[in-house]
Amino acid sequence: MRKKYICGNWKMNKTPDEALVFAREINEKNLDDVDILIAAPFVDLDILKKNLNKNIKVAAQNVSEYSDGAYTGEISTTMLKSMEISDVIIGHSERREIYLEDDTTINNKVIHAIGEGLDVILCVGESLKTRENEEHFFHVKNQILEGLSNVEDIDKVTIAYEPIWAIGTGNTCSPEDAEKMCENIRNTIRERYKDAADKIRILYGGSVKPDNAAEILSKDDIDGVLVGGASLKVDDFVKIINYKENL
Ligand code: PEP
């Protein structure tokens with residue numbers, strides 16, 4: 001049985017002071033027994049790590065594929081580990097679209113991060129045009145195969161399916177369509193990694209809110225959610241964590 005995984009992605013929001021306020025507030029809440037993670041800007045990682053209750057993991061939103069050296073503006077796995085950060089999001093659609101990270105770069109990052117002992121949330125998802133052309137299953141399968149090329153240690157990987165047209169737009173993929181894609185992703189993992197497909201967690205992301213989380217999370221092949229906007233407010237994020245109250 002895969003434990004549900006509720007992950008927040010703050011993107012480029014919250015100063016360290018604001019992160020501290022969030023940590024103090026959420027620490028006071030009763031949270032259901034799910035796995036919880038917050039992916040925060042680099043400058044917030046230390047304060048969150050030191051102040052959040054230990055049942056909430058802290059992750060980075062990106063990491064360099066290089067160990068160290070002349071890479072201005074980048075952050076290394078060693079730097080993350082020095083702050084006891086052991087999780088990182090790789091391949092978010094905003095990194096792919098705005099910063100032009102391609103599958104090769106993303107694969108290099110995944111290999112490097114796992115080699116350094118980090119757990120990775122690998123994001124995949126199609127554009128509206130790709131879905132309208134009915135190429136979304138093929139597109140996402142390719143992103144998985146290329147993102148995980150030469151990756152052996154699949155236990156270190158969580159997949160987040162995030163259709164680009166549903167991120168930050170208020171347009172959610174229907175729970176049925178999200179489930180269909182997550183099932184396809186699991187089948188792709190099974191082709192290569194056999195029984196590990198039953199263990200890997202596959203998340204859905206894209207305009208998840210307190211009022212749609214329960215329906216999405218009740219699907220068998222959706223093992224959790226990656227939440228952007230609604231993870232910024234403690235009350236909304238807690239309602240998503242405690243989604244069972246709305247079942
Ligand atoms: C995200 O940041 O990964 C995301 C899914 O954002 P939102 O929930 O705001 O659509």
Over the chain, calculate the relative contact order: mean separation of alpha carbon pairs under 8 Å at least 6 apart, over the residue count, as a percent. 21
Taking a probe of 1.4 Å and leaving out DNA, RNA and ligands, the range 118-247 shows per residue an accessible area in Å² of 44
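Taking N as the number of residues in the range 5-246, what value does Rg over Cα atoms divided by 2.2 N^0.38 Å take? Intermediate results must be reported in sequence, preceding the final value.
On the way: Rg = 16.9 Å, N = 242, 2.2 N^0.38 = 17.7 Å.
Compactness ratio reported: 0.95.
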In this structure, the FRET efficiency calculated for K29 and S218 from their beta-carbon separation, with R0 = 25 Å, to the nearest 0.05, is 0.65
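Let's see if you can work this out: charge +1 on each Lys and Arg Cβ, -1 on each Asp and Glu Cβ, no other charges. What is the dipole magnitude of the range 5-246 about its Cα centre, in debye to the nearest 20? Intermediate results must be reported in sequence, preceding the final value.
Details: 28 positive and 45 negative charges, 73 e Å.
I would put it at about 340 debye.
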Let me know the Kirkwood hydrodynamic radius for the range 100-214, please, with Cα pairs as the basis and the value in Å to one decimal. 14.6
Taking the Cβ-Cβ separation of S82 and K129 as r and a Förster radius of 35 Å, what is the calculated FRET efficiency to the nearest 0.05? 0.25
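Within the range 130-222, report the GluC sites (Glu not before Pro) that DSSP leaves as loop and that have at most 13 other Cβ atoms within 10 Å.
When the GluC sites (Glu not before Pro) of the range 130-222 are filtered for loop state and at most 13 Cβ neighbours within 10 Å, E134, E152 remain.
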Whether the range 1-108 is rounded, prolate or oblate, judged on the alpha carbon gyration tensor where a/c under 1.5 counts as rounded: prolate
Roughly speaking, what is the centre-to-centre gap between the range 195-247 and the range 76-115 when only Cα atoms are used, to the nearest Å? 22
Over the range 133-246, with every protein chain in place, what whole percent of the accessible area is carbon and sulfur at 1.4 Å, could you tell me? 43
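The values are calculated or read from the model by the stated rules, or taken from the named source; none is laboratory data. None of these values were measured; they are calculated from a predicted model. Every residue, glycine as well, gets a Cβ built from its backbone with ideal geometry; the counts of neighbours run over all protein chains shown. Remember, those area values only see protein heavy atoms, side chains included, never the ligands or the DNA or RNA. Shrake-Rupley method; radii C 1.70, N 1.55, O 1.52, S 1.80 Å.
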